[in-house]
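Engineer: The following block contains the structure, expressed as structure tokens.
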Amino acid sequence: MKEVMKTANPILEIYRNCGMLLRMNDERIQKKVTDYLNFVKQAGFQAAAQNEFSDELIAGLNMELLPVDEYVKIIN
């Protein structure tokens, strides 16, 4: 992925190790997913308007959606 994006010169790349959670409608995690997707949306606005990102935004994009043991329980 990084090699493909190299020519586009991205200012931010977002990688999630819990991508399945972002597609689920499970009420146990919906608030956390909604919060995370709001940070992704804010990243788009900040990229377009400022070409840089606030520390708060970066922390939000890096937040843990679920501990690994809970993630395994939900996806099984």
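Bear in mind that the values in this text are calculations on the coordinates, not laboratory data. Small disclaimer: the values here were computed from a predicted structure and weren't measured.
Engineer: Assuming 0.36 nm per residue, please report the length gained on full extension of the stretch Ala48 to Asn62 beyond their Cα-Cα distance. It would help to have the intermediate numbers written out before the result.
Structural biologist: Numbers: separation 14, 0.36 × 14 = 5.04 nm, distance 2.02 nm.
Taking 0.36 nm per residue and subtracting the Cα distance, the gain is 3.0 nm.
Engineer: From the phi of every residue in the stretch 37-44, what ³J(HN,Hα) in whole Hz does the Karplus formula 6.51 cos²θ - 1.76 cosθ + 1.60 yield, where θ is phi - 60° and glycine or proline is x?
Structural biologist: 5, 5, 5, 4, 5, 4, 4, x
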